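Peer 1: Here you go, one structure.
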């Protein structure tokens, strides 16, 4: 377990280092390896898998001396922090991970609370993701969620003149009555619940202990949030220990953010878009001089709504995490179960699962931001999902401290209770930076990386699906447009934050540690922009000439007349009005993966082909399409060309055009209706084309046809 903890800790350390320092003059990052120069020695580390998202894996990390390597990096790259302290935190994280691996022999997540207590690796881009600096090993076993320990709250009466809350003492006491009853407490005084470890470390001024509650609570994955399935509230508190880069105290700004956002969400009825565990009130103490004592902070959170099914509810980060001992995760298990619906096709199941994730998990966050101006700090440990039929179908959000609103919403509504000094009113640039990091870079890219398991081809397929989802929103949603078009995104530099010694929760400018990374959505293959004029020309026998050109809106009359011919509308079902077809053509022009073309013979239009990248279109769940495969639909619009050699020529040269467009295209696909037997017989006479199978679309019974690149060009000469 020590060896495995070394390997996993080094992987997290290296990935966080490269995220922040890949462009540093002491670092040379190549395709197969990267080198880093230090005063001790030069290190070369080979990639096992290099990820476009930064989730790399490495060869032979067991040959890298753990303490020697991280010590050399810390000493050379520290920018103000104590390198010895950083090294101690890295070792603390590694040792904690080794203990957890001994305790967790495999992935045993079967309900909500087990998902909260099973997060082994934590943040994949952090130099010391499992560090709990300031807590003894004995207390870790007792209180850390990964050890499934439970505890009872210590209840203390409060001197009301020292109370700090968004409610008066009498209001707060009324709000807590159900909690007192649940805990078997009766008191005329205001009582506050403190974690026992917190209680032992706070000054007792202004507090009088009144005993313990009767129920045992569980710590959630953050370690400072607490849950009981029957409790009327959930609780979050300050703990005087450092986890990752910050002392885990809830400061006054964070507490205010929670209550402010609560008021906005209730007022906007935003829960209709996304269910939130609201945070209506908080409490803590001031000292005699009136200064807030952060170590006493308590944030109260709403419980889950009635009807929550624990067996189908999971913390997203744990649901995704692949256990290093049995190489399993809940997400991968669900995808394997879904594959049974697709004849064992894991790729199709993965696409189906991710489509559901985009619709039911990502889209509500983006709709809330776009429609309501509400920004939720949606990193993996703040997102709770519910599944059905092995798909993610609902999202629940918790933790308002890192959330805010757009400046447009603030200027429009003029919420008097919002304090600009709290740092949660964001202009467009800040939205792109911070919201983009938490929701996209941390969460969505994290989802893709965990599902892809380091396979670059799978990452690319899922990124294409994400880009297509965002592309459809970009004209209306400026955030989606930024994600699709910006060459860079922003990420929080956890390594640099550690090396400068910043406590990100109390820093004057915590956003200063955000740095640019290449946007992997811009590195994907693009549908080539058609040049002006013809896209393709070929000389045919008998002196004829074939041309392929883009369908334009000026072709609307022709397009309309073709689709209203009986033999066309029987199969295409696009016999719509001119306005509807104009909108259809416009949507094709705006699509990131479709290209509508007209085929002409001797400058006379003969037919229409709708070309597409197959991975984004309808056949993908039913066929083993690859990222660069293409597909087509065809329509011969003029009767004079039916049953002539020109139909064969058009199909032949459209196929050739698609293969020539991108040398990485390995196959071209088609999926005509199953009763279109003439087309199938015709296609099988073409080079490379063959019938694969019949299958059911939701709207029709179809046949799957495929043209393989190698077979096409092997048979091409004879076809001519």
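What follows is calculated from the coordinates using simple rules that are stated; it is not laboratory data. Since we're looking at a predicted model, the values are computed, not measured. Note: ideal-geometry Cβ built from the backbone for every residue, glycine included; neighbour counts use all protein chains shown.
Peer 1: May I ask you to compute the full-extension gain from residue 422 to residue 33, defined as 0.36 nm times their residue separation minus their alpha-carbon distance, rounded to one decimal in nm?
Peer 2: Numbers: separation 389, 0.36 × 389 = 140.04 nm, distance 4.34 nm.
Here the segment from residue 422 to residue 33 would lengthen by 135.7 nm.
Peer 1: Taking the Cα of residue 161, stepping 7 Å toward and past its beta carbon, and measuring to each backbone N in segment 275-304: which are under 20 Å?
Peer 2: Only 284-293 fall inside the zone, counting backbone N under 20 Å.
Peer 1: Right, another one. Would you work out the relative contact order for segment 575-720, in percent, from Cα pairs under 8 angstrom that are 6 or more residues apart?
Peer 2: 16 percent
Peer 1: Let me ask you something else. Kindly list the residues of segment 127-165 that lie in the label zone of residue 216, defined by a backbone N under 15 Å from the point 7 Å along the Cα-to-C-beta vector.
Peer 2: Under 15 Å, as judged by backbone N against the label point of residue 216, lie 141-153 of segment 127-165.
Peer 1: Quick check: residue separation of residue 511 and residue 76 times 0.36 nm, minus the Cα distance between them. What number comes out in nm?
Peer 2: Values: separation 435, 0.36 × 435 = 156.60 nm, distance 2.40 nm.
Between residue 511 and residue 76, full extension yields 154.2 nm more.
Peer 1: Given the peptides 113-123, 324-334, arrange them by the average over their residues of other C-beta atoms within 10 Å, most packed first. Let's see the in-between values first.
Peer 2: Numbers: 113-123: 22.4, 324-334: 17.5.
Per-residue Cβ counts within 10 Å, averaged per peptide and sorted highest first, yield 113-123, 324-334.
Peer 1: Put a dot 7 Å past each Cα toward the Cβ at residue 643 and residue 524; how far apart are the dots in nm?
Peer 2: Going from the residue 524 label point to the residue 643 one covers 4.5 nm.
Peer 1: How far is the Cα center of segment 447-502 from the Cα center of segment 330-366, in Å?
Peer 2: If we compute the Cα centre of each part, the gap is 19 Å.
Peer 1: Find how many whole Å separate the alpha carbon centroid of segment 613-646 from the alpha carbon centroid of segment 407-435.
Peer 2: 48 Å
Peer 1: Nearest 0.05, what FRET efficiency do residue 152 and residue 240 give at R0 = 22 Å with Cβ-Cβ as r?
Peer 2: Numbers: r = 20 Å, r/R0 = 0.89.
My answer for the efficiency is 0.65.
Peer 1: If I take every Cα pair under 8 Å that is 6 or more residues apart in segment 2-108, average their sequence separation and divide by the length, what percent do I get for the relative contact order?
Peer 2: On the way: 96 pairs, mean separation 27.2, N = 107.
Relative contact order comes out at 25 percent.
Peer 1: Helix 578-590 versus the longest principal axis of the chain: what is the Cα-based angle in degrees, 0 to 90, to the nearest 10?
Peer 2: 60 degrees
Peer 1: Also: Enter the Cα centre distance for the pair segment 92-120 and segment 668-720, rounded to the nearest angstrom.
Peer 2: For segment 92-120 versus segment 668-720, the Cα centre distance is 50 Å.
Peer 1: Show me the ranking of peptides 364-372, 614-622 by mean Cβ neighbours inside 10 Å, starting with the highest.
Peer 2: Working: 364-372: 20.2, 614-622: 22.0.
Going by the mean number of other Cβ atoms within 10 Å, highest first, we get 614-622, 364-372.
Peer 1: I want to verify the translational diffusion coefficient of segment 310-518 in µm²/s; compute it with Stokes-Einstein, Rh as the Kirkwood radius over Cα pairs, at 20 °C and 1.002 mPa s.
Peer 2: Details: Rh = 18.3 Å.
Result for D is 117 µm²/s.
Peer 1: Does anyone have the angle between helix 66-77 and the longest principal axis of the chain? Alpha-carbon axes, 0 to 90°, nearest 10?
Peer 2: Taking Cα atoms only, the helix is inclined about 90 degrees.
Peer 1: Evaluate E = 1/(1 + (r/R0)^6) for residue 63 and residue 178, where r is the Cβ-Cβ distance and R0 equals 60 Å; express this FRET efficiency to the nearest 0.05. Before the final figure, lay out each step's value.
Peer 2: Details: r = 58 Å, r/R0 = 0.96.
Calculated transfer efficiency: 0.55.
Peer 1: So if R0 is 35 Å, what FRET efficiency would residue 569 and residue 272 give, r being the distance between their Cβ atoms, rounded to the nearest 0.05? Present the calculation step by step, with values, prior to reporting the outcome.
Peer 2: On the way: r = 40 Å, r/R0 = 1.15.
That gives a FRET efficiency of 0.30.
Peer 1: Oh, and also: Counting only the backbone N, which residues of segment 610-627 are under 11 Å from the spot 7 Å out from the Cα of residue 588 toward its beta-carbon?
Peer 2: Within reach of a label on residue 588, which here means backbone N under 11 Å from a point 7 Å along Cα→Cβ, segment 610-627 contributes 610-612.
Peer 1: How far apart, in nanometres, would the label points at residue 488 and residue 717 be if each is projected 7 angstrom from Cα along the Cα-to-Cβ direction?
Peer 2: Output for this residue pair reads 5.3 nm.
Peer 1: Still on this structure: Relative to the present Cα-Cα distance, how much length would full extension add between residue 230 and residue 412 at 0.36 nm per residue of separation?
Peer 2: Working: separation 182, 0.36 × 182 = 65.52 nm, distance 4.00 nm.
Length gained between residue 230 and residue 412: 61.5 nm.
Peer 1: Given a cut-off of under 8 Å on Cα pairs at least six residues apart, what relative contact order in percent is computed for segment 111-235?
Peer 2: Working: 156 pairs, mean separation 42.0, N = 125.
About 34 percent, as a whole number.
Peer 1: Once the Cα atoms of helix 363-372 and of the chain are each reduced to a long axis, what angle between those two axes, in degrees from 0 to 90 to the nearest 10, is obtained?
Peer 2: 80 degrees
Peer 1: Modelling each spin label as a point 7 Å along the Cα-to-Cβ direction, I'd like the residue 325/residue 49 distance in nm, to one decimal.
Peer 2: Rounded to a tenth, the inter-label distance reads 2.2 nm.
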